[in-house]
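Student: This is the structure, below, for whatever I ask next.
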Amino acid sequence: MTTTKKAVQLPVLERSRRNYDRLRTCRRCGKYTILPGESCPNCGRARLVPVMERARSRARRKMLNEILFTVLLIIIAILLAQDMTQIAIAAGTGLILLALLVLVQRRMTGRETLRQLSRMFRYDHATIHDGLVHDQSTGVETVRSGKDVEGYHILRQTAVLVRNDRLRLALLSLLQNFRLRSDMDLELESLITRDFDPLVADYIGEIARLKRDMIKDRAIRYIIANEPRILEMENGWNILISVASAAVRMKRYVTMYQGFIRRYARFLPRERFVRLYHVVHSDPALQSEVLGQDMESIRAELYPSDPAFEPDAAGAERP
């Protein structure tokens, strides 16, 4: 069965150093969202601030309260003093303690900000969850209105913080409707589900064809663990060959997944088999394994006089 895929331009997801950097909270209603925009999705007010900025504000407020409390103690000590000597001692000691407090606070600002951020995540967990659920609902409604690309981008943004198979499969279902290209901003690791699903296998095979450098350990292990079920798929054979072709780009993968590579070595495209042949023959340990023997047998059968297999041609092969 063939499906018509749409030619689209997928928006680029802005990366951040920490996943929660994109999460914002409303100063007015306290709701959370990970979606861009000036207005709060809940109350409509333009009072959204990044959670880190909110945590920094709380840290400054806490430190100010500590300073005010210290000043209050100094004033009380001065008022309780019996003579000028005691007043001078109370004032001098108080000012020294106040200066030390300010110095310590400056050095602890970063740590206190992180502590306040941790408190926000701990005590506002339910509110954050509700906000992300609302963001997902926005994405679903956008898809239902016929705006697949916009809906995909919204759901992809929520997936930065929401990690569950239901959302992963929703994203994969949308990607299945698009004509993917190697120049698109695609991802793989975050879309691999815990359990087997044909959507995941299909997508891994597509990525192996388009951007083989994205095929890493997790994707290869997923394919190997579900190999029998993938073989039952209509396009299963091509998926397995594509992943094996991508895996031979690195010697480490050839070493770790020799059994998988051996099963499909004969069916690799010529370019990929040449690459595999040279990887194996560059390592005496690999060459002495069964994989090395298979390489010679396949070469003798399929490429008996191909000059690309000569030792001096090894450096010309692409990864």
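The values are calculated or read from the model by the stated rules, or taken from the named source; none is laboratory data. Keep in mind that what you see is a predicted model, and the values were worked out from it rather than measured. Neighbour counts are summed over all protein chains in view; Cβ atoms, including those assigned to glycine, are modelled from backbone coordinates with ideal geometry.
Student: Any chance the range 19-32 includes a residue that's free of Cβ contacts under 8 Å to residues at least 24 places away in the same chain, under 27 Å from Asp130 (Cβ atoms) and not hydrophobic (A, V, I, L, M, F, W, C)?
Tutor: Within the range 19-32 (the criterion being free of Cβ contacts under 8 Å to residues at least 24 places away in the same chain, under 27 Å from Asp130 (Cβ atoms) and not hydrophobic (A, V, I, L, M, F, W, C)), the answer is yes, since at least one residue qualifies.
Student: How many of the residues making up the range 14-36 are exposed (fewer than 15 other Cβ atoms within 10 Å of the Cβ) and touching a helix residue (DSSP H, G or I) at 6+ places or on another chain (Cβ under 6 Å)?
Tutor: 1
Student: Go through (1) within 24 Å of the chain's Cα centre (by Cα); (2) farther than 27 Å from Val102 by Cα and name the single condition Val49 misses.
Tutor: (2)
Student: Suppose the filter is within 19 Å of the chain's Cα centre (by Cα), more than 21 Å from Arg15 (Cα to Cα) and hydroxyl-bearing (Ser, Thr, Tyr); does Tyr203 pass it?
Tutor: yes
Student: Here is a further query. Listed residues Gly146, Gly139; which is over 19 Å from Thr33 (Cβ atoms) and either touching a Cys at 6+ places or on another chain (Cβ under 9 Å) or outside the structural domain of Ser190 (by TED's automatic domain parsing) (or both)? Talk me through it step by step, then tell me what you get.
Tutor: On the way: Gly139 fails: over 19 Å from Thr33 (Cβ atoms).
Just one listed residue meets the conditions, Gly146.
Student: Can you work out which of the residues in the range 37-52 that are surrounded by 12 or more Cβ atoms within 10 Å (Cβ to Cβ) and not aliphatic (A, V, I, L, M) is modelled with the highest pLDDT?
Tutor: Top of the filtered list is Pro50.
Student: Further, regarding this structure: Identify the single condition in (1) without any contact (Cβ under 8 Å) to a residue 40 or more places away in the chain; (2) under 18 Å from Arg22 (Cβ atoms); (3) in a helix (DSSP H, G or I) that Tyr203 does not satisfy, given that it satisfies every other one.
Tutor: (2)
Student: Something else now. Please name all residue pairs, on different chains or six or more residues apart, with Cβ atoms under 7 Å, provided the first residue is in the range 298-315 and is over 18 Å from Gln287 (Cβ atoms) and the second residue is surrounded by 10 or more Cβ atoms within 10 Å (Cβ to Cβ) and at pLDDT below 85.
Tutor: Pro307/Ala313
Student: Does the range 263-272 contain any residue that is farther than 30 Å from Phe196 by Cα and surrounded by fewer than 16 Cβ atoms within 10 Å (Cβ to Cβ)?
Tutor: yes
Student: Same structure, new question: Can you list the helices (runs of 4 or more DSSP H) found entirely within the range 69-187 that contain at least 2 residues being in contact (Cβ under 8 Å) with a residue 60 or more places away in the chain and surrounded by 14 or more Cβ atoms within 10 Å (Cβ to Cβ)?
Tutor: In the range 69-187, the matching helices (runs of 4 or more DSSP H) lie at 84-123, 125-144, 148-158.
Student: Within the range 55-68, work out how many residues are of a type in the set (A, V, I, L, M, F, W, C), surrounded by 15 or more Cβ atoms within 10 Å (Cβ to Cβ) and farther than 11 Å from Val102 by Cβ.
Tutor: Going through the range 55-68 one residue at a time, the tally reaches 2.
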